[in-house]
Amino acid sequence: MSKISRRVFLAAGSAMAAVAASGVTYRATAQTGAINLYSSRHYDTDQELYDSFMRKTGLKVNLIEAEADPLIERLKSEGANSPADVFLTADVGRLWRAKQDGLLAPTNSATLQSAIPAALRDPENFWFGFSSRIRVIMYSKDRVNPADLSTYEALTDAKWRGKILTRSSTNVYNQSWTASVIAVHGAADTEAWAKGLVANFARPPEGGDTPQIKAVAAGVGDLAIANTYYLARLAKSSDPAEKAVAEKVGVFFPNQRDRGAHINVSGGGIVKTSKNPAAAALFLEHLASPEAQAIFASGNNEYPVLKGTPLDPILQSYGEFKYDPVNLSRVGELGAEATRIMDRAGWK
């Protein structure tokens, strides 16, 4: 589907949502030759996922793209009249919220349960992770010896005073990361950790992951907390300045001697009111196929969830690692508490 087609479909869908929200009944028509996908993934490379699904099944993917929170609110306002079949988004916090809001239906697929590790899917099969990203410590190769790094907990050490860069507490990636600390240490110890981390900030949090990485390269701080695919994107950039940033920054996977690094997913599930759930299930199973997993790996520099899928060479260069095996549904459940803890710690 072209970008123009996407915008047309989005505009039409927005009009449908407005009608539904106004109290006027909108009757969605089941489309047996297509699925309607609500996605907050804003990567152009995902089009190949949809094209490969159509080649395999003959089913078209009608795409609506928007940010995750507005899509969730739209699904709630549309209710039973929603045309959506599948909801796809990044971060377990949003997937957990969609389940809690009653927007998803369980998918009892042996294919999905076999392909996707238990930690990366809902225990009741309401959502599944299809690609993963690791929240790591990125460091200045000029100013930091990676031998001095160890765990997320050790980031509170006084030697890192004024040297750590990260996004704000409103960022869902940081909320889920903090929630994973709660899952291990409990709320009280996590609050003490968060206060220690804030004390070591190089500046008040601002911007996304990419600005944190660039700030390390520029000497604003020595360490950044960021997802791996942001650095890989800079390394592959056609802009020499961005490639130069990537060359100055290294990747360290924390907690390799205990629980492992924090993992998060991009994933999705079948919308509870789907008019075409069988086709929606086929789409989810396609996303877990070797073909689609290779697209996730090469298209957006993400880690595939299907064992044996070749890694992108840039990601492969960062080395092997183990990840925290806690089920991500628990991380989603603790997200609200994590946000309160971060706010009390002064993590703005």
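The values are calculated or read from the model by the stated rules, or taken from the named source; none is laboratory data. None of these values were measured; they are calculated from a predicted model. Every residue, glycine among them, receives a Cβ derived from its backbone with ideal geometry; neighbour counts consider all protein chains shown. Surface accessibility is based on the protein's heavy atoms, side chains included, excluding ligands, DNA and RNA. Shrake-Rupley method; radii C 1.70, N 1.55, O 1.52, S 1.80 Å.
Is it the case, given these coordinates, that ALA179 is surrounded by 22 or more Cβ atoms within 10 Å (Cβ to Cβ), in contact (Cβ under 8 Å) with a residue 24 or more places away in the chain, touching a Gly at 6+ places or on another chain (Cβ under 6 Å) and hydrophobic (A, V, I, L, M, F, W, C)?
Judged against the criteria, ALA179 is a match.
Give segment 140-167 a look and list any residue that's open to solvent by less than 30 Å² (accessible area, probe 1.4 Å) and either at positive phi or touching a helix residue (DSSP H, G or I) at 6+ places or on another chain (Cβ under 7 Å) (or both), or say none.
Passing the criteria: SER140, TYR152, LEU155, ILE164, LEU165, THR166.
Here is a list: GLY221, GLY186. Which entry is open to solvent by less than 50 Å² (accessible area, probe 1.4 Å) and farther than 30 Å from ALA98 by Cβ?
That would be GLY221, the only listed residue that is open to solvent by less than 50 Å² (accessible area, probe 1.4 Å) and farther than 30 Å from ALA98 by Cβ.
Can you tell me which of GLY260, GLY268 is buried (at least 24 other Cβ atoms within 10 Å of the Cβ), closer than 29 Å to VAL184 by Cβ and touching a strand residue (DSSP E or B) at 6+ places or on another chain (Cβ under 6 Å)?
Step by step, each of GLY260, GLY268 is checked, and only GLY268 is buried (at least 24 other Cβ atoms within 10 Å of the Cβ), closer than 29 Å to VAL184 by Cβ and touching a strand residue (DSSP E or B) at 6+ places or on another chain (Cβ under 6 Å).
What number of residues within segment 68-100 satisfy the criterion of being of a type in the set (A, V, I, L, M, F, W, C), within 19 Å of the chain's Cα centre (by Cα) and not in a helix (DSSP H, G or I)?
Of the residues in that region, 4 qualify.
Just give me the residues in segment 314-328 being open to solvent by 20 Å² or more (accessible area, probe 1.4 Å), assigned to a helix (DSSP H, G or I) and touching a helix residue (DSSP H, G or I) at 6+ places or on another chain (Cβ under 9 Å), in sequence order.
ILE314, SER317 - these are the residues of segment 314-328 that are open to solvent by 20 Å² or more (accessible area, probe 1.4 Å), assigned to a helix (DSSP H, G or I) and touching a helix residue (DSSP H, G or I) at 6+ places or on another chain (Cβ under 9 Å).
Can you find a residue that is touching a residue at least 12 places away in the same chain (Cβ under 8 Å) and more than 30 Å from VAL61 (Cβ to Cβ) anywhere in segment 262-277?
Looking for residues that are touching a residue at least 12 places away in the same chain (Cβ under 8 Å) and more than 30 Å from VAL61 (Cβ to Cβ), one finds at least one in segment 262-277, hence yes.
Among the listed residues ILE134, ILE72, which satisfies the condition of being among the hydrophobic types (A, V, I, L, M, F, W, C) and in contact with an Asp or Glu (Cβ under 7 Å, 6 or more places away or on another chain)? Explain how you work it out, then say what you get.
Details: ILE134 fails: in contact with an Asp or Glu (Cβ under 7 Å, 6 or more places away or on another chain).
Among ILE134, ILE72, only ILE72 is among the hydrophobic types (A, V, I, L, M, F, W, C) and in contact with an Asp or Glu (Cβ under 7 Å, 6 or more places away or on another chain).
Here is a yes/no grid of residues against (1) open to solvent by 40 Å² or more (accessible area, probe 1.4 Å); (2) β-branched (Val, Ile, Thr); (3) not in a helix (DSSP H, G or I):
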| residue | (1), (2), (3) |
| --- | --- |
| GLY102 | no, no, yes |
| PRO123 | yes, no, yes |
| GLY129 | no, no, yes |
| ARG133 | no, no, yes |
| VAL136 | no, yes, yes |
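In this structure, does ILE270 turn out to be part of a helix (DSSP H, G or I), within 21 Å of PHE87 (Cβ to Cβ) and under 19 Å from the mean Cα position of the chain (by Cα)?
Against the criterion (part of a helix (DSSP H, G or I), within 21 Å of PHE87 (Cβ to Cβ) and under 19 Å from the mean Cα position of the chain (by Cα)), ILE270 does not qualify.
Of all the residues that make up segment 273-303, how many are out of contact with any Gly (no Cβ under 9 Å at 6 or more places or on another chain), open to solvent by 30 Å² or more (accessible area, probe 1.4 Å) and not in a helix (DSSP H, G or I)?
The number of residues fulfilling the criteria is 1.
Got at least one residue in segment 233-245 being modelled with pLDDT under 95, surrounded by fewer than 22 Cβ atoms within 10 Å (Cβ to Cβ) and not in a loop (DSSP other than H, G, I, E, B)?
yes
If ARG41 meets every condition in (1) free of Cβ contacts under 8 Å to residues at least 60 places away in the same chain; (2) of a type in the set (Lys, Arg); (3) open to solvent by less than 50 Å² (accessible area, probe 1.4 Å) apart from one, which number is that one?
(1)
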